[in-house]
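Written out below as structure tokens is the structure these notes cover.
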Number of protein chains: 2
Amino acid sequence: MKVTLNRDVLIDELSTVQRAISGKTTIPILTGVKIVLTEAGLTLTGSNANISIEVFLSAADEKAGLLIEQTGAIVLQARFLSDIIRKLPEKILTLELQENNQVTITSGKAVFNVNGLSADNYPHLPVIEQQNQFKIPARLLNKLINETSFAVSLHESRPILTGVHFVLEQNKLLAVATDSHRLSQRIIDVEPTDQQFDIVIPGKSLTELSRSFKDEEQMVEISIMENQVLFKTENMQFYSRLLEGNYPDTNRLIPNNFNTEIEFNVPSLLAAIDRASLLSHEGRSNIIKLAIDSEQVVIYGNSPEVGNVEEVLSYNSVKGDPLEIAFNPDYMKDALKAFGNIDIVIKFISPIRAFTLQPTDDAYQFIQLITPVRTS
Amino acid sequence: MKVTLNRDVLIDELSTVQRAISGKTTIPILTGVKIVLTEAGLTLTGSNANISIEVFLSAADEKAGLLIEQTGAIVLQARFLSDIIRKLPEKILTLELQENNQVTITSGKAVFNVNGLSADNYPHLPVIEQQNQFKIPARLLNKLINETSFAVSLHESRPILTGVHFVLEQNKLLAVATDSHRLSQRIIDVEPTDQQFDIVIPGKSLTELSRSFKDEEQMVEISIMENQVLFKTENMQFYSRLLEGNYPDTNRLIPNNFNTEIEFNVPSLLAAIDRASLLSHEGRSNIIKLAIDSEQVVIYGNSPEVGNVEEVLSYNSVKGDPLEIAFNPDYMKDALKAFGNIDIVIKFISPIRAFTLQPTDDAYQFIQLITPVRTS
């Protein structure tokens, strides 16, 4: 293997596959990046127990400027390789495989000899048949992920809840996540397709996936096999394992009849909740209280040791019964951040029943649910 | 106490005194900031075992916009106060002392009530007579600190070496620090003065001091008492304790006769050392090797498990005997960073004797010393 190429392009691609590489794995070869050079170009692969990422630098890519002298393959320790390449003196570098799995990295007058491992020993990635495909723009997929994945459970007591449930049917793609204290569900209309699926993807995989798209305008091809999903763009293949088991029926959790409804602008409500949470974070229970009556809407935070806060809130409109309800401000902050800068309506049944948050614009098929904290 | 003022100005001043406030102190009141309001303005004080910082916001300061309704004093938990003020909704805020040491913080519709402690219980700062003063521009003082303080010892086995030794005599100010493996000494000429001193200031105090000057053009007045030093600017008083004991005679450590001399441009040498250290950091001994002969100058780094690096160095000129010497690259990197973008000469006696680094421009009275590592 011998290739000369642009340093910055290689740094960029390495940082993508490094998302799948952990320094802490018990399988030594997985701390490495697999480098495969063919006449067509350079493929980099990183992998861990949950995800695998493969990127491809085409020989035709002018920016990468690949000069391929001899094909071959090797596995190099990823973090170390990345440190070296970042510090090279020139804009181009040469990688050359020597005997005994040593690779010489040359740039300007700097010459590194780095010990590698045989690429033959690198685990094979799953083979996914390129059928059952479904296409979606990266931007839309990222939005769906950001609107739901924050609500997955971080505890392994119910593993299925650590994933986001995706259901494709009838030209709609639904994504829902819940940790049993709060829920976030978004539905988007998609191009007519005869595909359908019902899968649960680990929240952590989705977070890494959403950070891996360099160009949000590109299309992402989603293919599914028994226990794997592949997200494919022009030069990246992102594999994630799927979670096994039945996702709970979240539809029945969403209430329909309410007694109090109030409309807020998200950024101004978020700022007020954020202030109130400064006090609740100092206390043991971390709750804040919202009081709605015909005259005003007030938020309260209290921590006997350090002090208290109250703020009269601005709102767009309110209707229904007066209400006092307590909740975890961090769930509320997460929910509001997922909405962005829009107006929403919050609908309540009673102080002990979950309340819903939705954009005032119904076309936006997005609903969130937060379970209150019982006080008294 | 009741005062209305500009939020951003208060945030700024709070962040300065917070440099002296630790959340981990065993004396609860020292986690607080002392706030004293007089007709003249607002004084904030933070303190720990090593340093105390006092800043003053004048009633005449237009940007601060102090509206003083009633004078008074209180101590408020610093981190918490800072969090609250950063998140206030409006550009101005009002602090009002209530009964029981409670302070009400109001901004827009947000109202915080925060528990404080009586300012009477806050420890008194040392009283330093405003004589024995010496003035120096903040920019020059910062430069002196940055050129020396990195070389102090981080170990308490010889406490005196954790400080920087400052000697003012004969219109010269000398600063020197050493951890016994390397040394950095800088001398600056100062305005004629009949003052003289010989003190050791903790390295940590100096690091905080150098970050506390908002305006590097202002003059700093240095006053010394038995075991304290005060750095005073127009609106800040920075107190540090002094280290007790005799600083070793570092002059005798600096050699005079050399056998090999080589001139480098600092940034290009630093980049090469940085690359070589990638390998040495992976090994147990963390050393790199420099080989100088009549034909070339080469740097080597080696770590049997991961690989090796070698790089032919660019240099300006070389004279004297060939040499091979090994050293800790981190000491070299620290030394080079302290020089900035200039040319330096490195002078060697032998592979087992300390070598010196100096600007090629002699007018710059700056010398560093690094002890090599014996190999073989």
The condition of being touching a residue at least 60 places away in the same chain (Cβ under 8 Å) and within 18 Å of residue B:291 (Cα to Cα) holds, among B:369, B:313, B:357, B:323, only for B:323
Is at least one residue of the range B:55-62 among the hydroxyl-bearing types (Ser, Thr, Tyr), closer than 27 Å to residue B:162 by Cα and not assigned by TED's automatic domain parsing to the domain that holds residue B:203?
-> no
Which of the residues spanning the range A:92-114 are free of Cβ contacts under 8 Å to residues at least 12 places away in the same chain and of a type in the set (A, V, I, L, M, F, W, C)?
-> A:111
Members of the range B:232-250 found to be farther than 20 Å from residue B:168 by Cα and surrounded by fewer than 17 Cβ atoms within 10 Å (Cβ to Cβ), listed by number | B:234
Qualifying positions in the range B:93-102 - modelled with pLDDT under 95 and charged (D, E, K, R) = B:99
Are any residues in the range B:63-92 of a type in the set (Lys, Arg) and either at pLDDT 95 or above or outside the structural domain of residue B:15 (by TED's automatic domain parsing) (or both), and if so, which ones?
-> B:63, B:86, B:87, B:91
Only one of these conditions is not met by residue A:38: (1) among the hydroxyl-bearing types (Ser, Thr, Tyr); (2) at pLDDT 95 or above; (3) under 25 Å from the mean Cα position of the chain (by Cα). Which number is it?
-> (3)
Those residues that are hydroxyl-bearing (Ser, Thr, Tyr) and within 28 Å of the chain's Cα centre (by Cα), I need them from the range A:44-97; list them, please.
-> A:45, A:47, A:52, A:58, A:82
Within the range B:223-245, which residues are among the aliphatic types (A, V, I, L, M) and over 21 Å from residue B:150 (Cβ atoms)?
-> B:224, B:225, B:230, B:236
Mind counting the residues in the range B:78-88 that are more than 10 Å from chain A (Cβ to nearest Cβ) and either in contact with a strand residue (DSSP E or B) (Cβ under 6 Å, 6 or more places away or on another chain) or without any contact (Cβ under 8 Å) to a residue 60 or more places away in the chain (or both)?
-> 1
Flagged pairs (Cβ under 7 angstrom, 6 or more apart or on separate chains; first in the range A:38-56, within 19 Å of residue A:10 (Cβ to Cβ) and free of Cβ contacts under 8 Å to residues at least 24 places away in the same chain; second surrounded by fewer than 23 Cβ atoms within 10 Å (Cβ to Cβ) and not hydroxyl-bearing (Ser, Thr, Tyr)) are A:40/A:59; A:43/A:36; A:43/A:54; A:43/A:56
Strands (runs of 3 or more DSSP E) wholly inside the range B:89-196 containing at least 2 residues that are aliphatic (A, V, I, L, M) and within 14 Å of another protein chain (Cβ to nearest Cβ) = B:92-97, B:102-107, B:110-115
Filter the range B:68-77 for residues that are surrounded by fewer than 16 Cβ atoms within 10 Å (Cβ to Cβ) and not charged (D, E, K, R); the one that is farthest from the other protein chains (Cβ to nearest Cβ) is B:71
Return a yes/no flag: does the range A:224-231 have any residue that is at negative phi, of a type outside the set (A, V, I, L, M) and either in contact with a Ser or Thr (Cβ under 7 Å, 6 or more places away or on another chain) or surrounded by 14 or more Cβ atoms within 10 Å (Cβ to Cβ) (or both).
-> yes
For residues in the range A:251-265 being at pLDDT below 95 and more than 19 Å from residue A:362 (Cβ to Cβ), which is farthest from the other protein chains (Cβ to nearest Cβ)?
-> A:252
With A:32, A:23, A:65 as the choices, which residue is surrounded by fewer than 16 Cβ atoms within 10 Å (Cβ to Cβ), small (Gly, Ala, Ser) and within 14 Å of another protein chain (Cβ to nearest Cβ)?
-> A:23
Test: residue in the range A:207-218 that is outside any strand (DSSP E or B) and of a type in the set (Gly, Ala, Ser) | yes
Report, by residue number, each residue of the range B:312-339 that is within 14 Å of chain A (Cβ to nearest Cβ) and of a type in the set (Ser, Thr, Tyr).
-> B:314, B:315
Report, by residue number, each residue of the range B:208-223 that is buried (at least 17 other Cβ atoms within 10 Å of the Cβ) and of a type outside the set (A, V, I, L, M, F, W, C).
-> B:208, B:210, B:212, B:223
Output the number of residues of the range A:266-311 satisfying the condition of being facing another protein chain (nearest Cβ under 8 Å), β-branched (Val, Ile, Thr) and within 23 Å of residue A:374 (Cβ to Cβ).
-> 1
Residues of the range A:336-360 being assigned to a loop (DSSP other than H, G, I, E, B), closer than 18 Å to residue A:287 by Cα and of a type in the set (A, V, I, L, M, F, W, C), which ones?
-> A:352, A:354
With the condition kept exactly as written, say whether any residue in the range A:56-66 is among the charged types (D, E, K, R) and touching a strand residue (DSSP E or B) at 6+ places or on another chain (Cβ under 8 Å).
-> yes
Scanning for something of a type in the set (Phe, Trp, Tyr), under 17 Å from residue B:327 (Cα atoms) and either outside any helix (DSSP H, G or I) or out of contact with any strand residue (DSSP E or B) (no Cβ under 8 Å at 6 or more places or on another chain) (or both), does the range B:226-240 turn up at least one residue?
-> no
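The values are calculated or read from the model by the stated rules, or taken from the named source; none is laboratory data. Remember, predicted model here, so these are calculated numbers, not experimental data. Note: ideal-geometry Cβ built from the backbone for every residue, glycine included; neighbour counts use all protein chains shown.
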